[in-house]
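First comes the structure, then the notes that go with it.
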Amino acid sequence: MELNRLLVFVVFLFQMRLSGMWPTELVCDRRLIQKYVAEAVDMEETLSQCEELPLLLEPVHLPLVGLNLRVWKTKTNEVKTQEIHQVLIKLMDGIAAAQRLTNATCLLVRLQQLYEKANFFLLHLRNFQGQEQSVTTQPENVPKLISTRNLRTVFWTYVQLLQGKLNFLFYDLRKDSCAEGHQPGVTFPP
């Protein structure tokens, strides 16, 4: 199982490198975040294709991803990025815990896809900020956690993160990082 995960991760990195998509393209092309939100909703909907959707035997801990827009606007982009970074790490921990608690192949495949998508954004945040594991965890950046045994909640936490904090962060970064008149598909060097 671990060998399969490693192989999928290597293939993912290889594809990301071949795609030539720099992190600024992800930020500057507004359509991309909407595409990823739609994919996330579709992933959650495909759970119904699995034979059964049992509750997990033990609860998993997920980050709260709600957004108070008034408070959000007072934060710097660096603080917002660090906050989302920590949320993604906690979300990935929750997804990994859910994977350990289920043995249904169909669910494991969906959870692995979700883990890879969350990891995709984590890598892009690190690349965009030029941070290689250097994000500092300050007490105010540690996300609050909820416990759930419902697999749909795991998927909806990811959807809400994309629609909320990540979408607003990209909007703020777009103002600072993208050239006026940026054409979709045009990439900027890092």
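Checking Leu18 against (1) surrounded by 15 or more Cβ atoms within 10 Å (Cβ to Cβ); (2) at pLDDT below 90; (3) within 18 Å of His124 (Cβ to Cβ), which test does it fail?
(1)
Answer yes or no as to whether Asn103 is open to solvent by 60 Å² or more (accessible area, probe 1.4 Å) and touching a Pro at 6+ places or on another chain (Cβ under 9 Å).
Numbers: open to solvent by 60 Å² or more (accessible area, probe 1.4 Å): yes; touching a Pro at 6+ places or on another chain (Cβ under 9 Å): no.
So Asn103 does not fit the description; no.
Could you grab me the full set of residues in segment 106-127 that are closer than 21 Å to Leu56 by Cα, open to solvent by less than 20 Å² (accessible area, probe 1.4 Å) and under 10 Å from the mean Cα position of the chain (by Cα)?
Leu114, Ala118
The values are calculated or read from the model by the stated rules, or taken from the named source; none is laboratory data. All values reported here derive from a predicted model rather than from experimental measurement. As a convention, Cβ positions derive from the backbone with ideal geometry for all residues, glycine included, and neighbour counts pool all protein chains shown. Keep in mind that these areas ignore ligands, DNA and RNA; they rest on the heavy atoms of the full protein, side chains included. Shrake-Rupley method; radii C 1.70, N 1.55, O 1.52, S 1.80 Å.
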